[in-house]
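*Asks:* Please find one structure pasted underneath; my questions will follow.
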Amino acid sequence: MKKTFVLILTLALLSTSAFAQSKKRNKKTEKPAKEQKTETSNRRVKNIIFLVGDGMGTAQVYASIVAKQDQSAFLRFPFSGFSRTYSNNKYTTDSGAGGSALMTGHKVNNSTIAQSPDGEIYPSFLKVAHDEMGKATGFVVSCNVLDATPSSTYAHVAERHMWDEISMQMALCDHDVMIGANINAFLPGNRKDGKSPLDTLEKRGYTIITDMQELIATKDKKYCALLSDDDAPGDAEKRDNWLVPSTVKAIETLSKDKDGFILMIEGSQIDWAGHNNDFPYMLKELNEFELVLNYVLNFAEQDGETLVVVTADHETGGLTLNDGNIDDGETSAPMFTTGSHTGVMVPVFSYGPGAELFSGVQQNTSFFDKFMSLLKK
């Protein structure tokens, strides 16, 4: 099994290297993305894989499609639509409110995680699926596990940077698999409260993992993998594209649950590249995200009971694509209009049973109810 994951990681690295070094491909030798069946309503939804490209707008997606020269994983989805991202109190959402809306079905104020202005708790669809249906749950991110999107699946705080409170809530949540960065935030010497969430996790039966080889090798059903000391390294290549083998491992673990599973995966640093107005960095992050998409779609295709939905919490950078060369897979004149988030709609892609429900223009709060209705059919 270890060799299998090492091979997957190697393939990911080779793919990224080829992507960076060769913009020009022979289109005649490439096979078109496999067509997917679109009659999905009558099939059961046992598993949901929800992927969030943080900061990923339509321009980011199209830049990736151009770079892949029509071999993009985004083209494999039979249904697509848009999500409206404004928060409870702002035209342009932040990641706290954006992630909370996606996970809980409620608009909240910017900087808030999964609770109302009055402190009413909004559970995520992962928690509801675990508590009411016995689903295994987890998340995989390429950022700090305490960041806004992952924390929206398990925490409830008035301010998204309340790291001590969020980490203790994570230590007490029921996710089976948690993979991301920032072990230092869990160490007593680095905390104002002096507590050790890692001790709490271990007492609750979790294995603490600190590097990829440990993650690949574990056979445990419950684990928390913190793959870097601080936040995740910027640039997918510098962190060895960990989103890919982490996703493979998470699905391997969660799919053993007879009741099914819910997995949230975030391509976190698409957003960071947008904030930095760094187009090459953004393409590397999207390349990693596409590798994950292809793996997830292959799994769903073989499984037949897995719904895959992809969207973003918001767009970052106000990216526009002014020129390029389709034949060479090149966007030559990208321009960013801001270093912040924007208020535009973001794309939605879906595949599998119930996928047609996610087409059209929808609120970012609508995912919760759609997921719940499909899981209860």
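The values are calculated or read from the model by the stated rules, or taken from the named source; none is laboratory data. Everything numeric here is computed off the predicted structure, so don't read it as measured data. Positions of Cβ are backbone-derived with ideal geometry, glycine not excepted, and every protein chain shown enters the neighbour counts. The accessibility values were calculated without ligands, DNA or RNA, using every heavy atom of the protein model including side chains. Shrake-Rupley method; radii C 1.70, N 1.55, O 1.52, S 1.80 Å.
*Asks:* Out of 168, 212, 178, report the one residue that is in contact with a Lys or Arg (Cβ under 8 Å, 6 or more places away or on another chain) and either surrounded by 17 or more Cβ atoms within 10 Å (Cβ to Cβ) or modelled with pLDDT under 95 (or both). Give the steps one after another, and end with the answer.
*Replies:* On the way: 212 fails: in contact with a Lys or Arg (Cβ under 8 Å, 6 or more places away or on another chain); 178 fails: in contact with a Lys or Arg (Cβ under 8 Å, 6 or more places away or on another chain).
Of 168, 212, 178, the one residue that is in contact with a Lys or Arg (Cβ under 8 Å, 6 or more places away or on another chain) and either surrounded by 17 or more Cβ atoms within 10 Å (Cβ to Cβ) or modelled with pLDDT under 95 (or both) is 168.
*Asks:* For residue 88, are the conditions met, namely being farther than 30 Å from residue 326 by Cα, free of Cβ contacts under 8 Å to residues at least 40 places away in the same chain, among the polar types (S, T, N, Q) and in contact with a helix residue (DSSP H, G or I) (Cβ under 8 Å, 6 or more places away or on another chain)? I'd like the intermediate steps shown before the answer.
*Replies:* Values: farther than 30 Å from residue 326 by Cα: yes; free of Cβ contacts under 8 Å to residues at least 40 places away in the same chain: yes; among the polar types (S, T, N, Q): yes; in contact with a helix residue (DSSP H, G or I) (Cβ under 8 Å, 6 or more places away or on another chain): yes.
Against the criterion (farther than 30 Å from residue 326 by Cα, free of Cβ contacts under 8 Å to residues at least 40 places away in the same chain, among the polar types (S, T, N, Q) and in contact with a helix residue (DSSP H, G or I) (Cβ under 8 Å, 6 or more places away or on another chain)), residue 88 qualifies.
*Asks:* All but one of (1) within 16 Å of residue 173 (Cα to Cα); (2) under 19 Å from the mean Cα position of the chain (by Cα) hold for residue 102; state the number of the condition that does not hold.
*Replies:* All conditions are met except number (1).
*Asks:* Oh, and also: Looking at the stretch 346-360 only, could you name the residues that are outside any strand (DSSP E or B) and small (Gly, Ala, Ser)? Break it down into steps so the answer makes sense when it comes.
*Replies:* Here is the first cut: in the stretch 346-360, the residues outside any strand (DSSP E or B) are 352-359.
352, 354, 355, 359 - these are the residues of the stretch 346-360 that are outside any strand (DSSP E or B) and small (Gly, Ala, Ser).
*Asks:* Filter the stretch 257-274 for residues that are surrounded by fewer than 24 Cβ atoms within 10 Å (Cβ to Cβ) and either farther than 18 Å from residue 297 by Cα or among the polar types (S, T, N, Q) (or both) and give the result. Talk me through it step by step, then tell me what you get.
*Replies:* Applying the first criterion (surrounded by fewer than 24 Cβ atoms within 10 Å (Cβ to Cβ)) to the stretch 257-274 yields 257-260, 272.
Correct list: 257, 258, 259, 272.
*Asks:* For the stretch 193-206, give me each residue that is free of Cβ contacts under 8 Å to residues at least 24 places away in the same chain and either open to solvent by 80 Å² or more (accessible area, probe 1.4 Å) or within 23 Å of residue 241 (Cβ to Cβ) (or both).
*Replies:* Those that are free of Cβ contacts under 8 Å to residues at least 24 places away in the same chain and either open to solvent by 80 Å² or more (accessible area, probe 1.4 Å) or within 23 Å of residue 241 (Cβ to Cβ) (or both): 202, 203.
*Asks:* Right, another one. Residue 158: surrounded by 24 or more Cβ atoms within 10 Å (Cβ to Cβ) and either in contact (Cβ under 8 Å) with a residue 40 or more places away in the chain or under 19 Å from the mean Cα position of the chain (by Cα) (or both), yes or no?
*Replies:* On the way: surrounded by 24 or more Cβ atoms within 10 Å (Cβ to Cβ): no; either in contact (Cβ under 8 Å) with a residue 40 or more places away in the chain or under 19 Å from the mean Cα position of the chain (by Cα) (or both): yes.
Spelling it out, it is not the case that residue 158 is surrounded by 24 or more Cβ atoms within 10 Å (Cβ to Cβ) and either in contact (Cβ under 8 Å) with a residue 40 or more places away in the chain or under 19 Å from the mean Cα position of the chain (by Cα) (or both).
*Asks:* Could you please give the count of residues in the stretch 286-301 that are of a type in the set (Asp, Glu) and open to solvent by 10 Å² or more (accessible area, probe 1.4 Å)?
*Replies:* Quick first cut of the stretch 286-301, residues of a type in the set (Asp, Glu) only: 288, 290, 301.
Narrowing the set further to residues that are open to solvent by 10 Å² or more (accessible area, probe 1.4 Å) leaves 301.
Summing the residues that are of a type in the set (Asp, Glu) and open to solvent by 10 Å² or more (accessible area, probe 1.4 Å) in the stretch 286-301 gives 1.
*Asks:* Suppose we filter 367, 336, 371 for residues that are touching a Gly at 6+ places or on another chain (Cβ under 8 Å), modelled with pLDDT of 95 or more and crowded, with 23+ Cβ neighbours inside 10 Å; which single one remains?
*Replies:* Values: 336 fails: crowded, with 23+ Cβ neighbours inside 10 Å; 371 fails: touching a Gly at 6+ places or on another chain (Cβ under 8 Å).
After applying the criteria, what remains is 367.
*Asks:* Kindly check whether there is at least one residue in the stretch 306-321 that is surrounded by fewer than 24 Cβ atoms within 10 Å (Cβ to Cβ) and acidic (Asp, Glu).
*Replies:* No; the residues of the stretch 306-321 include none that is surrounded by fewer than 24 Cβ atoms within 10 Å (Cβ to Cβ) and acidic (Asp, Glu).
Condition check ((1) under 19 Å from the mean Cα position of the chain (by Cα); (2) open to solvent by less than 10 Å² (accessible area, probe 1.4 Å); (3) more than 30 Å from residue 281 (Cα to Cα)) across all residues:
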| residue | (1), (2), (3) |
| --- | --- |
| 303 | no, no, yes |
| 344 | no, no, no |
| 350 | yes, yes, no |
| 361 | no, no, no |
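*Asks:* Which of the numbered conditions does residue 153 fail, given that it passes all the others? Conditions: (1) over 18 Å from residue 254 (Cα atoms); (2) surrounded by 16 or more Cβ atoms within 10 Å (Cβ to Cβ).
*Replies:* With (1) over 18 Å from residue 254 (Cα atoms); (2) surrounded by 16 or more Cβ atoms within 10 Å (Cβ to Cβ) applied to residue 153, the lone miss is (1).
*Asks:* To continue, here is another question. Residues that are closer than 25 Å to residue 233 by Cα, without any contact (Cβ under 8 Å) to a residue 60 or more places away in the chain and among the hydrophobic types (A, V, I, L, M, F, W, C): list the strands (runs of 3 or more DSSP E) wholly contained in the stretch 275-345 that include at least 1 such residues.
*Replies:* On the way: elements: 306-311, 319-321, 334-336.
Where strands (runs of 3 or more DSSP E) fall fully within the stretch 275-345 and carry at least 1 residues being closer than 25 Å to residue 233 by Cα, without any contact (Cβ under 8 Å) to a residue 60 or more places away in the chain and among the hydrophobic types (A, V, I, L, M, F, W, C), they are 334-336.
*Asks:* Restricting to the stretch 117-160, count the residues that are at positive phi and in contact with a Pro (Cβ under 6 Å, 6 or more places away or on another chain).
*Replies:* Residues in the stretch 117-160 being at positive phi and in contact with a Pro (Cβ under 6 Å, 6 or more places away or on another chain): 0 in total.
*Asks:* Cβ contacts < 6 Å: first residue in contact (Cβ under 8 Å) with a residue 40 or more places away in the chain and farther than 14 Å from residue 225 by Cβ, restricted to the stretch 122-149; second residue aromatic (Phe, Trp, Tyr) and crowded, with 23+ Cβ neighbours inside 10 Å, any location; separation 6+ or different chain. Result?
*Replies:* Hits for this filter: 125/371; 135/261; 136/261.
*Asks:* If you check 65, 48, which single one turns out to be closer than 20 Å to residue 266 by Cβ and either out of contact with any Asp or Glu (no Cβ under 7 Å at 6 or more places or on another chain) or small (Gly, Ala, Ser) (or both)? Let's see the steps before the verdict.
*Replies:* Numbers: 65 fails: closer than 20 Å to residue 266 by Cβ.
Just a single option satisfies the conditions, and that option is 48.
*Asks:* Quick one: which residue in 28, 90, 37 is open to solvent by 30 Å² or more (accessible area, probe 1.4 Å), modelled with pLDDT of 95 or more and over 21 Å from the mean Cα position of the chain (by Cα)? Break it down into steps so the answer makes sense when it comes.
*Replies:* Numbers: 28 fails: modelled with pLDDT of 95 or more; 37 fails: modelled with pLDDT of 95 or more.
The conditions single out 90.
*Asks:* For residue 75, indicate whether it is surrounded by fewer than 24 Cβ atoms within 10 Å (Cβ to Cβ) and either of a type in the set (A, V, I, L, M, F, W, C) or in contact (Cβ under 8 Å) with a residue 60 or more places away in the chain (or both).
*Replies:* Details: surrounded by fewer than 24 Cβ atoms within 10 Å (Cβ to Cβ): yes; either of a type in the set (A, V, I, L, M, F, W, C) or in contact (Cβ under 8 Å) with a residue 60 or more places away in the chain (or both): yes.
Yes: the conditions hold for residue 75.
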